[in-house]
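Colleague: Before anything else, here's the structure in question.
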Amino acid sequence: MFEIKENFALKNFNTFGINVKTKYFVPCSSESDITEFLNIHKNMDLPLMILGGGSNVLFTGDYDGYILHPNIKGIEIVNETNDEIEVRVGAGEDWDEFVEFCVEKSWGGVENLSLIPGNVGTCPIQNIGAYGVEVKDVVTKVEAIEIDTQKRVQYINEECEFGYRDSIFKRKLKGKLIITYVTFLLKKQPKFKLNYGNLNEQLKVLGEVNLNNIRQAVITIRESKLPKPEETGNAGSFFKNPIIKKGKADRLKEKWPEIPIYIINENLVKIPAGWLIEKAGFKSKQMGNAGVHDKQALVLINRGNATGEEIIHLARDIQKAIIILFDIELEMEVNII
Ligand code: FAD
Ligand code: EPU
């Protein structure tokens, strides 16, 4: 059975800490709760949105509708061999608690994705990634309920159309599904991925290379650059790192020889948006209650009682400056509500 909460405060349900409320908030802890609620909702006029941990959204005002909060719990082993283990996880499980659980069990595959906020059900939507790993590397299946038909559906990895911070759930299926379970394939003798940034260096400080030390190294690096949402409201990277043609990058390199460039293929490269934003002079910048983090220019912060509009205003100023200076369009990663 689910409860419908009225005039519900969302300040603790969005990591930006924006002080807004929703007309109705509906936590659902089972698939049957979700279908039951959808059956009722189809006769209502008010809109519906899904909210997990609220770490990739920016509310620009109160939500005049229903917010469904999938809260399905549980980690179940569905397959196991000497080398691998497949686990099906409820959408409402906390992502980092799941990572910690895997590391404790010595199941490899998600350790580089330590300390990413949010819920398991959301991880496939933008194909969360960090330190050289993306969740697409370990997801085998995404289960969901279709909002219009209330039918159960599932998508195997190849059907999810995963890309950099992208999937079918952000495109064709946006707003059409409620993800209920995600299944992961983890390795008992994992090959570690240690090439990103200073991960290797940080690991040397800890000694032995094992899952627990990789997790600790990732946590140390992340804590040195990213603000803790409980202390400073933010949603991680506000923009995606732009992917541009190699020719354009070569021209930028003539003007800014120190520009970091990551090769994607022979035609395309990725540029760190944090570098562009810092170069444009926005690092540490404050605009009313909104600001740019002083240790990572890709992270916009709530300096106190910012409204969503103040954050957006700053984001648009940054986008304009980056177009003028580099002729590059920054796409927002955060979902604006
Ligand atoms: P929410 O913010 O609740 O929702 C995001 C979107 O998904 C919304 O559009 C929502 O409607 C939809 N949605 C949520 N749950 C469901 C569901 N069950 N079914 C259908 N739709 C749903 N991301 C990375 O990839 N890498 C990082 O390193 C990283 N670092 C971060 C660091 C910080 C400090 C913060 C605050 C964020 C960071 N993020 C990072 C972004 C964020 O953690 C991820 O995008 C995360 O997956 C969001 O999960 P959530 O449950 O909080 O999603
Ligand atoms: N940089 C600067 N100045 C800054 C920030 C970054 O010059 O203020 C440059 C530096 O050259 C640095 C490079 O950007 O070496 C990359 O920075 P970092 O390793 O911090 O990663 P990022 O590209 O800024 C991406 C993800 C993060 C993820 C990290 C680690 C995106 C949009 N962001 O950030 O994900 O944690 O890599 O893998 O791809 C998120 O999506 O919310 C998120 C935090």
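Colleague: Output yes when any residue across region 210-224 is free of Cβ contacts under 8 Å to residues at least 40 places away in the same chain, hydrophobic (A, V, I, L, M, F, W, C), in a loop (DSSP other than H, G, I, E, B) and more than 11 Å from ligand 2 (Cβ to nearest atom), and no when none is.
Modeller: Looking through region 210-224, none of the residues is free of Cβ contacts under 8 Å to residues at least 40 places away in the same chain, hydrophobic (A, V, I, L, M, F, W, C), in a loop (DSSP other than H, G, I, E, B) and more than 11 Å from ligand 2 (Cβ to nearest atom).
Colleague: Testing LEU252 on (1) in a loop (DSSP other than H, G, I, E, B); (2) closer than 26 Å to ASN195 by Cβ; (3) in contact with a strand residue (DSSP E or B) (Cβ under 9 Å, 6 or more places away or on another chain), one condition comes back false. Which one is that?
Modeller: Condition not satisfied by LEU252: (1).
Colleague: Can you name every residue in region 231-249 that is within 13 Å of ligand 2 (Cβ to nearest atom), assigned to a strand (DSSP E or B) and either under 14 Å from GLU329 (Cβ atoms) or more than 21 Å from the chain's Cα centre (by Cα) (or both)?
Modeller: First, pick out the residues of region 231-249 that are within 13 Å of ligand 2 (Cβ to nearest atom): 234-243.
Those still in the list that are assigned to a strand (DSSP E or B) too: 234-237, 239, 243.
Within region 231-249, PHE239, ILE243 meet the criteria.
Colleague: Also: Any idea which residue in region 236-253 is farthest from ASP317 (Cα to Cα), counting only those that are small (Gly, Ala, Ser) and more than 9 Å from ligand 1 (Cβ to nearest atom)? Don't jump to the end; show me each part of the working.
Modeller: Step one: of region 236-253, the residues small (Gly, Ala, Ser) are 236-237, 247, 249.
Next, from what is left, pick out any that are more than 9 Å from ligand 1 (Cβ to nearest atom): 247, 249.
Values: GLY247: 27, ALA249: 23 Å.
So the residue we want is GLY247.
Colleague: Out of LEU68, LEU38, which single residue is more than 17 Å from the chain's Cα centre (by Cα), assigned to a helix (DSSP H, G or I) and at negative phi?
Modeller: Numbers: LEU68 fails: assigned to a helix (DSSP H, G or I).
So the residue among LEU68, LEU38 that is more than 17 Å from the chain's Cα centre (by Cα), assigned to a helix (DSSP H, G or I) and at negative phi is LEU38.
Colleague: Within region 77-95, does at least one residue satisfy the condition of being in a helix (DSSP H, G or I), within 27 Å of LYS21 (Cβ to Cβ), within 16 Å of ligand 2 (Cβ to nearest atom) and among the hydrophobic types (A, V, I, L, M, F, W, C)?
Modeller: Of region 77-95, the ones in a helix (DSSP H, G or I) are 95.
Still in the running and within 27 Å of LYS21 (Cβ to Cβ): 95.
When the remaining residues are screened for being within 16 Å of ligand 2 (Cβ to nearest atom), the result is 95.
When the remaining residues are screened for being among the hydrophobic types (A, V, I, L, M, F, W, C), the result is 95.
The answer is yes; a qualifying residue exists.
Colleague: May I pose another question? List every residue pair whose Cβ atoms lie under 6 Å apart, where the two residues are 6 or more positions apart in sequence or sit on different chains, the first residue falls within region 121-148 and is closer than 24 Å to PRO27 by Cα, and the second residue, located anywhere, is assigned to a loop (DSSP other than H, G, I, E, B) and near ligand 1 (Cβ under 10 Å from one of its atoms).
Modeller: Correct list of pairs: GLY121/GLY52; GLY121/ALA91; THR122/GLY52; GLN126/ARG165; ILE128/ILE116; VAL142/PRO124; ILE147/LYS176.
Colleague: Same structure again: Restricting region 205-235 to residues that are farther than 21 Å from GLY274 by Cα and touching a Leu at 6+ places or on another chain (Cβ under 7 Å), which is farthest from ligand 1 (Cβ to nearest atom)?
Modeller: Step one: filter region 205-235 for residues farther than 21 Å from GLY274 by Cα, giving 205-217, 230-231.
Next, from what is left, pick out any that are touching a Leu at 6+ places or on another chain (Cβ under 7 Å): 209, 213-214, 216-217.
Working: VAL209: 21, ASN213: 19, ILE214: 15, GLN216: 16, ALA217: 14 Å.
Ranking the qualifying residues of region 205-235, first place goes to VAL209.
Colleague: Name the residue, out of GLY53, GLY61, that is within 26 Å of GLN150 (Cβ to Cβ), of a type outside the set (D, E, K, R) and part of a loop (DSSP other than H, G, I, E, B).
Modeller: Details: GLY61 fails: within 26 Å of GLN150 (Cβ to Cβ).
Of the residues listed, the single one that is within 26 Å of GLN150 (Cβ to Cβ), of a type outside the set (D, E, K, R) and part of a loop (DSSP other than H, G, I, E, B) is GLY53.
Colleague: Let me ask another. Give all pairs with beta carbons closer than 9 Å in which a residue from region 1-12 that is closer than 19 Å to PHE59 by Cβ meets a residue that is hydroxyl-bearing (Ser, Thr, Tyr) and not in a strand (DSSP E or B); count only pairs at least 6 apart in sequence or on separate chains.
Modeller: none
Colleague: Can you find, within region 4-33, the residue that is farthest from ASN289 (Cα to Cα) among those that are outside any loop (DSSP other than H, G, I, E, B) and in contact with a Ser or Thr (Cβ under 7 Å, 6 or more places away or on another chain)? Steps first, answer last, please.
Modeller: Taking region 4-33 as the starting set, the residues that turn out to be outside any loop (DSSP other than H, G, I, E, B) are 5-9, 11-13, 21-28, 31-33.
Restricting the remaining residues to those that are in contact with a Ser or Thr (Cβ under 7 Å, 6 or more places away or on another chain) gives 8, 31.
Details: PHE8: 24, GLU31: 40 Å.
This residue is GLU31.
Colleague: Are there any pairs with C-beta distances below 9 angstrom linking a residue in region 190-205 that is closer than 14 Å to GLN216 by Cα and in contact (Cβ under 8 Å) with a residue 24 or more places away in the chain to a residue that is in a loop (DSSP other than H, G, I, E, B) and of a type in the set (Lys, Arg), with the two at least 6 apart or on different chains, and if so which?
Modeller: What qualifies is LEU199/LYS193.
Bear in mind these aren't lab numbers, they're just calculated from the coordinates by the rules spelled out. Being a predicted model, the structure only gives us computed values, none of them experimental. Note that we place each Cβ from the backbone using ideal geometry, even for glycine, and neighbour counts take in every protein chain shown.
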